[in-house]
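Read through the structure below, which is laid out as structure tokens, and then see the notes.
Taken together, the values in this text are just the output of simple stated rules run on the coordinates, not laboratory data. Source: prediction; values computed, not measured.
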């Protein structure tokens with residue numbers, strides 16, 4: 001079990017959770033990214049940069 005770094009809501013993650021996986025907090029709606037599995041670490045996902053086709 002882990003907590004949202006924004007609102008401290010409990011997050012339930014499956015045993016098959018992978019590093020780099022994106023998820024959304026059910027409480028505050030923040031997009032989160034799993035940055036480490038052992039130890040489990042979840043951070044706010046970086047915002048996607050615009051791709052201008054360059």
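Couple of notes before you dig in:
- Highest GNM mean-square fluctuation among 33, 43, 21, for the chain modelled with Cα contacts below 10 Å: 21.
- Listed residues 23, 40, 11, most fluctuating in the chain (Gaussian network, C-alpha, under 10 Å): 40
- When you restrict to C-alpha pairs under 8 Å that are six or more residues apart and normalise by the size of region 2-44, the relative contact order lands at 36 percent.
- Globularity index of the chain, i.e. its alpha-carbon radius of gyration over 2.2 N^0.38 Å: 1.24
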